[in-house]
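Engineer: Attaching a single structure in structure tokens format; questions to follow.
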Protein chains: 2
Amino acid sequence: MADVLEQDQTHHTLQEVNKALENGMFVHVRRLLQDMEPEDIAHLLEASPPKERQVLWQLTDPEEQGEILDELSEDVKDGIVSQMEPEKLAAVTEGMESDDVAYVLRSLSDERYQEVLAQMDATDRHRIETALAYPEDTAGGMMSTDFITIRGDVTADVVLRYLRMRGELPEATDSLYVVDDNQVLIGHLSLSTLITTQPDIEIKDVMQDADEAIAVDMADSEIANIFERRNWLSAPVVDANNHLLGRITIDDVVDLIREEAEHSMMTMAGMDDDEDTFAPVLKSAKSRSIWLGVNVLTALAAASVSNMFEHTLQQMATVAVLMTIVPSMGGVAGNQTVALVIRGLAVGHIGDTNTRWLLSKEARVGLINGLVWALIIGVVVFVWKGSLMLGAIMAGAMLANLFIAGVAGVLIPIGLKKLKIDPALAGGMALTTCTDIVGLMVFLGLATIFITP
Amino acid sequence: MADVLEQDQTHHTLQEVNKALENGMFVHVRRLLQDMEPEDIAHLLEASPPKERQVLWQLTDPEEQGEILDELSEDVKDGIVSQMEPEKLAAVTEGMESDDVAYVLRSLSDERYQEVLAQMDATDRHRIETALAYPEDTAGGMMSTDFITIRGDVTADVVLRYLRMRGELPEATDSLYVVDDNQVLIGHLSLSTLITTQPDIEIKDVMQDADEAIAVDMADSEIANIFERRNWLSAPVVDANNHLLGRITIDDVVDLIREEAEHSMMTMAGMDDDEDTFAPVLKSAKSRSIWLGVNVLTALAAASVSNMFEHTLQQMATVAVLMTIVPSMGGVAGNQTVALVIRGLAVGHIGDTNTRWLLSKEARVGLINGLVWALIIGVVVFVWKGSLMLGAIMAGAMLANLFIAGVAGVLIPIGLKKLKIDPALAGGMALTTCTDIVGLMVFLGLATIFITP
């Protein structure tokens, strides 16, 4: 009888393994690990602090280490691989699909990589070198070379008998590819069509030939969008002359989709999207420092704007008390727009045809919310500080800054993308700099003109 | 010969359709739409401003409208569905899988929903009502009831002949489910096993019975994690007594993974994750207003902290000029940690076993970066303003705030999760409030004690 999964069971295993580790019961841990799937062990490693991670890795079954490495995220995988002997690496990756081996070995230095290759037999070496020749973020870098090709002029029955003789199909096979003598892709035949077809019918009469193949140099983000939109389970990869080179399967695309979406979220917050949650302290501190350095410049730029108005601040401390409100609201409103535009760019909804419409929309949203909050904050400041003029100045600055925030929120990410700079990486910081400076300028400028004697 | 996809072709189609629309060539647009897949039409609709969207929808083939609706994101889909007649809705959803119909109809008011149901035949009505009885964000709400069951005591050959007689398999079928007389799930048989098995072997001897089934009330985020980790293409859904109820397929899970990851990114920026990029202005302004309202309170709280030190600000305008730097750095550093923790919570890497380790790590990262930036900003302020005391105060406040930011960055999202509040929604704002207030308090407090006469 099948186990019913009430919820993700790994939480419990995690706790049990951790308790056993704490008590030094290594034999028990090894037994627990033996009962786990490689992907669950990978999850456990990802969720463990460095020291525990190292101990756990020593206790895993060497037979499974290759597959575990393949399931780990890049940062964690690289940490383990960097400490493994070349012979060991060659041994654990033996028999794995070429795209998975390429993932495991990609971070090695050229010297160590050559040492690993030297340990493999000629066929494996050739397969891996071919896989690694393609850039990681293209179809070539993602594809597996493990697939089944058939001819179009045979019957379904012949194919079925061939497959039965051949035995187990490559993992995640949902289609067979129909090629001609020159390995040119002609069409594909899904397993479900093969199964429901009468035995005496020829493949070319039932195969789907309108299906689209992926070019070997297609970027991975395009691949993710296509798979997602078309609900594909797998797709053939071809060169410019339509020669079949490999196959991309949904499981790799799922990882990609997760990574892409995480990329936006993490880089918008100024983090490396590969950052291991349980990385060593110094490594984390260093990787985050860059972003803090950029922000120091932003904060100093804002401070030098205030500095221009030092005389005003000297005259009236209340202006200083209130001056942070407008930049703060502009930052929040602008970042809402930035997030919307970054998502729209990522999924391909925003392009030349609709940028102008979007700009006008966000400008109007900024104006409307600017009016609403200008009114509210104007009244609050009037009541709090008893100055109608101060309330009015606050309201004016708020309106101006939220309008600018809407416009900049569209223009900055789209402009960055045109300059081939990742909008998720630089968009939020550029926007905040813009709204900080504009907000302070307008508020302190108006206060200088209208209030101070 | 297969088409080679150099890149996502929809960009070009989008431009062509838009040009035709602008020129009022509706017949041409209709023809272009007829050549497109439903999912590509959905993409086109998502990428169009409201007016164009409405025109385009009128030009789509009614035969395809059901499938197009199913491919649309929630906000866009709801906008179209709300304007359709009940008869029309019943007609376009006819023949669709029950989980897809449930998605299309879920947003209807009870009254309109009853009207749509009244237009369906009894079988369809029953199927849809069953599907809608499960909460949307559980296995029951996601599953399709379209699957194939077989018995364990028949041979592979019998199954193959049965399938051939039956004809086309339900979409995305990669496995057949083996059940007993009471529809209790016993195991499953993948199509690739069925194909490679000798014809005279009984199903129960080759089926996989160790496979796990998903409980009908499992939360969708758990389902996404399991599918992703196990590389599943589909999984059976069962009730507490192991009765087979339905099947979840990877294409729905892919959408879910994208939505979940987008959810974190969008809500962290204070946006509704369903927000249509091309929503009408007023609707957008309203949905974003809530977040701006929360931020007004945050900004006012920070201002009232400064207000407590009005006397100090009055004495020394330089303090006012510099007072925004420390809160800004604390906000950036804290939000880095918040992003890391939110991702870790979402993928299930952070739990009771490692929270303490993570807290100590982030506190130490905060201390190290606090020291680095305290030193740098202290020197900058000393050089800029010529006051060693002011530099030292700045450095002290920076160190304290980055340390607090690291600690709060871990505790706030984990605490929110314990309180069953979405950490992505409230985490960033709560963190910024905390670092703003602490940063201002410490900096202005130290300045008051050590500088002003």
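The values are calculated or read from the model by the stated rules, or taken from the named source; none is laboratory data. Here the structure is a predicted model, which is why all the values come from computation and not from measurement. Cβ coordinates were reconstructed from backbone atoms using ideal geometry, including for glycine residues, and neighbour counts include every protein chain displayed.
Engineer: Considering only the range A:266-282, I want to know if a residue exists there that is surrounded by 19 or more Cβ atoms within 10 Å (Cβ to Cβ), within 7 Å of chain B (Cβ to nearest Cβ) and at positive phi.
Structural biologist: yes
Engineer: Considering B:E111, B:E115, B:E87, which residue is of a type in the set (D, E, K, R), touching a helix residue (DSSP H, G or I) at 6+ places or on another chain (Cβ under 6 Å) and assigned to a helix (DSSP H, G or I)? Break it down into steps so the answer makes sense when it comes.
Structural biologist: Numbers: B:E111 fails: touching a helix residue (DSSP H, G or I) at 6+ places or on another chain (Cβ under 6 Å); B:E87 fails: touching a helix residue (DSSP H, G or I) at 6+ places or on another chain (Cβ under 6 Å).
Of the residues listed, the single one that is of a type in the set (D, E, K, R), touching a helix residue (DSSP H, G or I) at 6+ places or on another chain (Cβ under 6 Å) and assigned to a helix (DSSP H, G or I) is B:E115.
Engineer: In addition: Can you tell which of A:L163, A:L185 is more than 13 Å from A:D99 (Cα to Cα) and touching a Pro at 6+ places or on another chain (Cβ under 6 Å)?
Structural biologist: A:L185 is the lone residue from the list that is more than 13 Å from A:D99 (Cα to Cα) and touching a Pro at 6+ places or on another chain (Cβ under 6 Å).
Engineer: Among A:K51, A:K77, which is in contact with a Leu (Cβ under 6 Å, 6 or more places away or on another chain) and either modelled with pLDDT of 90 or more or not in a loop (DSSP other than H, G, I, E, B) (or both)? Reasoning before the result, please.
Structural biologist: Numbers: A:K51 fails: in contact with a Leu (Cβ under 6 Å, 6 or more places away or on another chain).
A:K77 is the lone residue from the list that is in contact with a Leu (Cβ under 6 Å, 6 or more places away or on another chain) and either modelled with pLDDT of 90 or more or not in a loop (DSSP other than H, G, I, E, B) (or both).
Residue-by-condition table, conditions (1) buried (at least 20 other Cβ atoms within 10 Å of the Cβ); (2) not polar (S, T, N, Q):
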residue	(1), (2)
A:S98	yes, no
A:T123	no, no
A:E129	no, yes
A:G167	no, yes
A:P170	no, yes
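Engineer: Let me ask something else about it. Restricting to the range B:22-38, what's the tally of residues that are of a type outside the set (K, R), within 14 Å of B:E63 (Cα to Cα) and outside any loop (DSSP other than H, G, I, E, B)? Outline the logic, then answer.
Structural biologist: Going through the range B:22-38, the residues of a type outside the set (K, R) turn out to be B:22-29, B:32-38.
Retained after the next criterion (residues that are within 14 Å of B:E63 (Cα to Cα)): B:33-38.
Next, from what is left, pick out any that are outside any loop (DSSP other than H, G, I, E, B): B:33-34, B:38.
So the answer is 3.
Engineer: Please go through the range B:405-432 and give me each residue that is surrounded by fewer than 22 Cβ atoms within 10 Å (Cβ to Cβ) and over 26 Å from the mean Cα position of the chain (by Cα), ordered by number.
Structural biologist: Matches in the range B:405-432: B:V407 only.
Engineer: Here is a further query. Take B:G348 and decide whether it is more than 14 Å from B:G427 (Cα to Cα) and modelled with pLDDT under 90. Even if it seems obvious, please write down each step before you answer.
Structural biologist: Numbers: more than 14 Å from B:G427 (Cα to Cα): yes; modelled with pLDDT under 90: yes.
When the stated conditions are applied, B:G348 passes them.
Engineer: Would you pick out the residues in the range A:118-158 that are part of a loop (DSSP other than H, G, I, E, B) and within 26 Å of A:D255 (Cα to Cα)? Outline the logic, then answer.
Structural biologist: First, the residues of the range A:118-158 that are part of a loop (DSSP other than H, G, I, E, B): A:119-121, A:134-137, A:143, A:145-148, A:151-154.
Of everything in the range A:118-158, those that are part of a loop (DSSP other than H, G, I, E, B) and within 26 Å of A:D255 (Cα to Cα) turn out to be A:Y134, A:P135, A:E136, A:D137, A:M143, A:T145, A:D146, A:F147, A:I148.
Engineer: Report, by residue number, each residue of the range A:58-69 that is within 26 Å of the chain's Cα centre (by Cα) and away from chain B (no Cβ under 14 Å).
Structural biologist: In the first step, residues of the range A:58-69 are kept if they are within 26 Å of the chain's Cα centre (by Cα); the result is A:65-69.
Within the range A:58-69, A:Q65, A:G66, A:L69 qualify.
Engineer: Only residues that are in contact (Cβ under 8 Å) with a residue 24 or more places away in the chain, within 7 Å of chain B (Cβ to nearest Cβ) and under 19 Å from the mean Cα position of the chain (by Cα): list them for the range A:212-240, please.
Structural biologist: Scanning the range A:212-240 gives A:M218, A:N225, A:E228.
Engineer: Right, another one. Do you know which residues across the range B:92-103 are in a helix (DSSP H, G or I), within 16 Å of B:H126 (Cα to Cα) and hydrophobic (A, V, I, L, M, F, W, C)? I'd like the intermediate steps shown before the answer.
Structural biologist: The initial filter retains those residues of the range B:92-103 that are in a helix (DSSP H, G or I), namely B:92, B:98-103.
Right, trim to within 16 Å of B:H126 (Cα to Cα) and you get B:98-103.
Hits for the range B:92-103 are B:V101, B:A102.
Engineer: Another question, then. Restricting to strands (runs of 3 or more DSSP E) lying wholly in the range B:165-225: which have 2 or more residues that are β-branched (V, I, T)?
Structural biologist: Of the strands (runs of 3 or more DSSP E) lying wholly inside the range B:165-225, those with at least 2 residues that are β-branched (V, I, T) span B:175-179.
Engineer: For the range A:241-253, enumerate the residues that are at pLDDT below 90 and either in a strand (DSSP E or B) or within 7 Å of chain B (Cβ to nearest Cβ) (or both).
Structural biologist: Passing the criteria: only A:D251.
Engineer: Okay, next question. Sort out which residues of the range A:179-204 are buried (at least 16 other Cβ atoms within 10 Å of the Cβ), touching a Lys or Arg at 6+ places or on another chain (Cβ under 9 Å) and more than 11 Å from every other protein chain (Cβ to nearest Cβ), and write them in order of number.
Structural biologist: A:I203
Engineer: Of the numbered conditions (1) in a helix (DSSP H, G or I); (2) surrounded by fewer than 21 Cβ atoms within 10 Å (Cβ to Cβ); (3) out of contact with any His (no Cβ under 8 Å at 6 or more places or on another chain), B:R229 satisfies every one except a single condition; which is it?
Structural biologist: (3)
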